[in-house]
1. Across segment 208-237, what is the total count of residues that are under 15 Å from the mean Cα position of the chain (by Cα) and loosely packed, with under 12 Cβ neighbours inside 10 Å?
2. Could you say which residue among VAL240, VAL205 is touching a residue at least 24 places away in the same chain (Cβ under 8 Å), within 20 Å of GLU139 (Cα to Cα) and under 15 Å from the mean Cα position of the chain (by Cα)?
3. On the basis of being in contact with a Ser or Thr (Cβ under 9 Å, 6 or more places away or on another chain), surrounded by 15 or more Cβ atoms within 10 Å (Cβ to Cβ), basic (Lys, Arg) and modelled with pLDDT of 95 or more, does LYS115 make the cut?
4. Out of all the residues in segment 78-91, is one or more assigned to a loop (DSSP other than H, G, I, E, B), surrounded by 14 or more Cβ atoms within 10 Å (Cβ to Cβ) and acidic (Asp, Glu)?
5. Return the total of residues in segment 192-242 being assigned to a helix (DSSP H, G or I), of a type in the set (S, T, N, Q) and either under 22 Å from GLU165 (Cβ atoms) or at pLDDT 95 or above (or both).
6. THR41 - would you say it is at pLDDT 95 or above, of a type in the set (Val, Ile, Thr) and surrounded by fewer than 20 Cβ atoms within 10 Å (Cβ to Cβ)?
7. Considering each residue of segment 53-76, count those that are without any contact (Cβ under 8 Å) to a residue 60 or more places away in the chain, at negative phi and under 17 Å from the mean Cα position of the chain (by Cα), and give that number.
8. Tell me the residue from LEU131, LEU48, LEU60 that is surrounded by fewer than 22 Cβ atoms within 10 Å (Cβ to Cβ) and in contact with a His (Cβ under 8 Å, 6 or more places away or on another chain), please.
Amino acid sequence: MKPYLWIAYDYVSVLDCLQMLDTIVSEYPDKNIIHEIGRPTIIHAARLGIPVVTEFRKRLTNGQILVADFKGYDVPYIAEGKYYYAEGTDLVTVMAMAPNEAVQDAIDGAIADKKMVAFDLMSYLDNDVKLKRTKELVEMGAKLISCHTGWSEQAAGKTPNALLEKVYQELKDTDTKIVVMGGLKPENIKSLSKYIESKKLFAIVSGSAITRSPAPNAVIAQFLEELSKFNGQYASLATVFH
């Protein structure tokens, strides 16, 4: 089983974001590439009154998975997720450290709408606390856990590697899948071989390595070339769709 390549578009300029999406989709309309509207883009689109989910969905005409990375925390389905789902989003993100009631709201909402939700472990808490939270999330019914090292953490030299190993050990005997993100480049794929071959990785996320490159499609080609070295089909959506 191969993980999906998940492209994160984190832009302040919504126009720049949509232009990058057009550039990528014109060469890579692949059904098996996931496209994510980043939180900065969601916020600035709302500020400008641009229906960014609708604009993305218009361009994704091959059944590609669309993610709204709004990182919900309180009533993430009732107040946010159900509206993104209705506009064409397939998957939303919720912070793993949200209250249990909010987590359950997100899971129940995804089940009701037959959509997906990923729980993002990014926080100031140490990896042991995140590992404990991972176990609790699985017990509540979470199907996707995101090992995420954010921009601010990356600037301090952090990577998702240590957390990924811990989460993998916790999840390896469950049906919950992992999303890994945080400064990943094509040359990092080899170091993820263990997790890919174990069939636990749902997706490998890359943002700025692609979208800030002067040749984004060339970087995508490198990612796909690295992923092509692994046998099997892409991760089954049946395992993460509610």
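1. 0
2. On the way: VAL205 fails: within 20 Å of GLU139 (Cα to Cα).
Answer to the selection: VAL240.
3. Here the answer is yes, as LYS115 does meet what is asked.
4. Going through segment 78-91, the residues assigned to a loop (DSSP other than H, G, I, E, B) turn out to be 87-90.
Still in the list and also surrounded by 14 or more Cβ atoms within 10 Å (Cβ to Cβ): 87-90.
Add one more test, that the residue is acidic (Asp, Glu), and what stays is 87, 90.
Taking every residue of segment 78-91 in turn, at least one turns out to be assigned to a loop (DSSP other than H, G, I, E, B), surrounded by 14 or more Cβ atoms within 10 Å (Cβ to Cβ) and acidic (Asp, Glu).
5. So in segment 192-242, the residues assigned to a helix (DSSP H, G or I) come out as 192-197, 208-211, 216-227, 237-239.
Subsequent filtering for residues that are of a type in the set (S, T, N, Q) retains 193, 208, 211, 217, 222, 239.
Those left that are additionally either under 22 Å from GLU165 (Cβ atoms) or at pLDDT 95 or above (or both): 193, 211, 217, 222, 239.
Residues in segment 192-242 being assigned to a helix (DSSP H, G or I), of a type in the set (S, T, N, Q) and either under 22 Å from GLU165 (Cβ atoms) or at pLDDT 95 or above (or both): 5 in total.
6. Working: at pLDDT 95 or above: yes; of a type in the set (Val, Ile, Thr): yes; surrounded by fewer than 20 Cβ atoms within 10 Å (Cβ to Cβ): no.
No, not satisfied.
7. Just the residues of segment 53-76 that are without any contact (Cβ under 8 Å) to a residue 60 or more places away in the chain, to begin with: 53-64, 66, 68, 70-76.
Those left that are additionally at negative phi: 53-62, 64, 66, 68, 70, 72-74, 76.
If we keep only those that are under 17 Å from the mean Cα position of the chain (by Cα) too, we end up with 53, 56-57, 60, 64, 66, 68, 70, 72-73, 76.
Residues flagged as without any contact (Cβ under 8 Å) to a residue 60 or more places away in the chain, at negative phi and under 17 Å from the mean Cα position of the chain (by Cα) within segment 53-76 amount to 11.
8. Working: LEU131 fails: in contact with a His (Cβ under 8 Å, 6 or more places away or on another chain); LEU48 fails: in contact with a His (Cβ under 8 Å, 6 or more places away or on another chain).
Of the residues listed, the single one that is surrounded by fewer than 22 Cβ atoms within 10 Å (Cβ to Cβ) and in contact with a His (Cβ under 8 Å, 6 or more places away or on another chain) is LEU60.
The values are calculated or read from the model by the stated rules, or taken from the named source; none is laboratory data. Remember, predicted model here, so these are calculated numbers, not experimental data. Glycine gets a Cβ as well: all are built from the backbone with ideal geometry, and neighbour counts include every protein chain shown.
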